[in-house]
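Contents: one structure, followed by commentary.
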Amino acid sequence: MIMSIVFSQLRAFHAVAAHGGFTAASRVLNVGQPTLTIQVKELEESYGVELLIRKPRHTELTEAGAALFEITRGIMTFCDEAHDLLAAHGKATKGHLRVATVGPFHATEIIAAFKRDHPEVQISTLLGNSERTFRHIVDFEADVAILAEVPEDPRVTMIPYRTHRVIVFVNRDHPWFKRKSVRLRELADQPIVLRERGSTTRRAFEATMQAEGIRIEPVFEIESREGVWKAVERGLGISVVADFEFVPHPNLRALEISDRTIKTQYSIAHHSGRGHSPIIKAFIDTVRRMKGRDASARGTQRLS
């Protein structure tokens, strides 16, 4: 016997799972709580499984419920896209764009350009390292992402955006403060402050040092760029950063790595199953126009 899943039952289950209970789901869906209770119960009875553990003040997912919730997150996202596609057909792009990013630098310039072209789109951002940002796309928690140096995955489409060099920076009291560059092996004897292990810059830096057979001494690990900068400013050590992220500061000095080029490749990502989304396509179009202008500007500089 082939069973047919009733969409209203899936929607009811998803709302209860997402909001932690029938009462909250009822408010979100604007559907009576008894109706939701019946729909979820019918879904469980149809397949002979328990999806939710009912407790006095909330519900918990069973193992089967948690697995189904991973699927319904994608289903509900596609339903929202279907609505946006039909509502926006022949009209200006509208809706809500969720952008996950590893930092504010690229995100702000792209979002500003996108907002000029599509002022009616609401935008929210999620900030984290590349590993977390990648998971936001895979788990349908973000529509697009700006990230770097993640492994290839068939679930995610990556569009190269920009390449940047990794540089060193020190504080005013450091002996290198008046220098312009440093050799890679000089870093071996230095206390180094690093971002958390999911950081793109840290991965690129540590991979290069390992390949060169150079041991480093991480003395402090902080889960934010601002924390790293403050630690370096206070003299806890030196650190590394992508060149475009370094903010000039009277107490900090950026140094080139003279004998080795360490690069990070930044890309725009979206879920491979969502390339048809009008709002994602509009975002990618904005990025491609920006890349085209960058290429033209570089060509003009070479000619001059």
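The values are calculated or read from the model by the stated rules, or taken from the named source; none is laboratory data. Because the structure is a prediction, the values reported are computed rather than measured. Quick reminder, even Gly has a Cβ in these numbers, built from the backbone with ideal geometry, and neighbours come from all protein chains shown. In case anyone asks, the SASA skips ligands and DNA or RNA and just uses the protein heavy atoms, side chains included. Shrake-Rupley method; radii C 1.70, N 1.55, O 1.52, S 1.80 Å.
Per the conditions (1) of a type in the set (A, V, I, L, M, F, W, C); (2) open to solvent by less than 50 Å² (accessible area, probe 1.4 Å); (3) closer than 24 Å to GLU131 by Cα, the sole criterion not satisfied by LEU252 is (3). For the range 27-52, filtering for residues that are under 32 Å from the mean Cα position of the chain (by Cα) and either of a type in the set (D, E, K, R) or open to solvent by 20 Å² or more (accessible area, probe 1.4 Å) (or both) leaves 4. Free of Cβ contacts under 8 Å to residues at least 40 places away in the same chain and out of contact with any Lys or Arg (no Cβ under 8 Å at 6 or more places or on another chain) - does that describe any residue in the range 262-281? Yes, there is a match, as at least one residue in the range 262-281 is free of Cβ contacts under 8 Å to residues at least 40 places away in the same chain and out of contact with any Lys or Arg (no Cβ under 8 Å at 6 or more places or on another chain). Of the residues making up the range 162-182, those that are part of a strand (DSSP E or B) and either open to solvent by less than 20 Å² (accessible area, probe 1.4 Å) or not hydroxyl-bearing (Ser, Thr, Tyr) (or both) are ARG162, HIS164, ARG165, VAL166, ILE167, VAL168, PHE169, VAL170, ASN171, VAL182. Of the candidates THR37, THR59, the single residue that is touching a residue at least 40 places away in the same chain (Cβ under 8 Å) and of a type in the set (Val, Ile, Thr) is THR59. Residues that are assigned to a loop (DSSP other than H, G, I, E, B) and not aliphatic (A, V, I, L, M) were ranked within the range 136-146; the one that is nearest to HIS276 (Cα to Cα) is ASP143. For the range 187-207, how many residues are open to solvent by less than 40 Å² (accessible area, probe 1.4 Å) and over 15 Å from LEU252 (Cα atoms)? Here the count works out to 13. Within the range 120-131, the set of residues being open to solvent by 40 Å² or more (accessible area, probe 1.4 Å), at pLDDT 90 or above and not hydroxyl-bearing (Ser, Thr, Tyr) comprises GLN122, ILE123, LEU126.
Residues considered: ALA112, ALA145. Of these, the only one that is in contact (Cβ under 8 Å) with a residue 12 or more places away in the chain and either open to solvent by less than 70 Å² (accessible area, probe 1.4 Å) or not small (Gly, Ala, Ser) (or both) is ALA145. For VAL150, indicate whether it is assigned to a strand (DSSP E or B) and within 30 Å of the chain's Cα centre (by Cα). Answer is no for this residue. With respect to GLU152, determine if the residue is open to solvent by 30 Å² or more (accessible area, probe 1.4 Å) and within 18 Å of ALA204 (Cβ to Cβ). Yes; evaluated as a whole, the condition is true for this residue. Return yes when VAL219 is β-branched (Val, Ile, Thr), exposed (fewer than 15 other Cβ atoms within 10 Å of the Cβ) and assigned to a loop (DSSP other than H, G, I, E, B) and no when it is not. Judged against the criteria, VAL219 is not a match. Take the range 196-213 and flag every residue that is of a type in the set (Lys, Arg) and part of a loop (DSSP other than H, G, I, E, B). Listed by number, the list holds a single entry, ARG197. Looking across the range 198-219, the residues that are in contact (Cβ under 8 Å) with a residue 24 or more places away in the chain and of a type outside the set (A, V, I, L, M) come down to GLY198, SER199, THR200, THR201, ARG202, ARG203, PHE205, THR208, GLU212, ARG215, GLU217, PRO218.
May I ask you to verify whether PHE78 is of a type in the set (Phe, Trp, Tyr) and open to solvent by 90 Å² or more (accessible area, probe 1.4 Å)? No: the conditions fail for PHE78. Of all residues in the range 242-283, those satisfying the criterion of being part of a strand (DSSP E or B), within 18 Å of the chain's Cα centre (by Cα) and not hydroxyl-bearing (Ser, Thr, Tyr) are ALA242, GLN265, ILE268, ALA269, HIS270, HIS271.
Kindly establish whether ILE123 is in contact (Cβ under 8 Å) with a residue 24 or more places away in the chain and of a type in the set (A, V, I, L, M, F, W, C). Yes; evaluated as a whole, the condition is true for this residue. Can you find a residue that is open to solvent by less than 50 Å² (accessible area, probe 1.4 Å), within 22 Å of the chain's Cα centre (by Cα) and within 26 Å of LYS291 (Cβ to Cβ) anywhere in the range 223-235? Within the range 223-235 (the criterion being open to solvent by less than 50 Å² (accessible area, probe 1.4 Å), within 22 Å of the chain's Cα centre (by Cα) and within 26 Å of LYS291 (Cβ to Cβ)), the answer is yes, since at least one residue qualifies.
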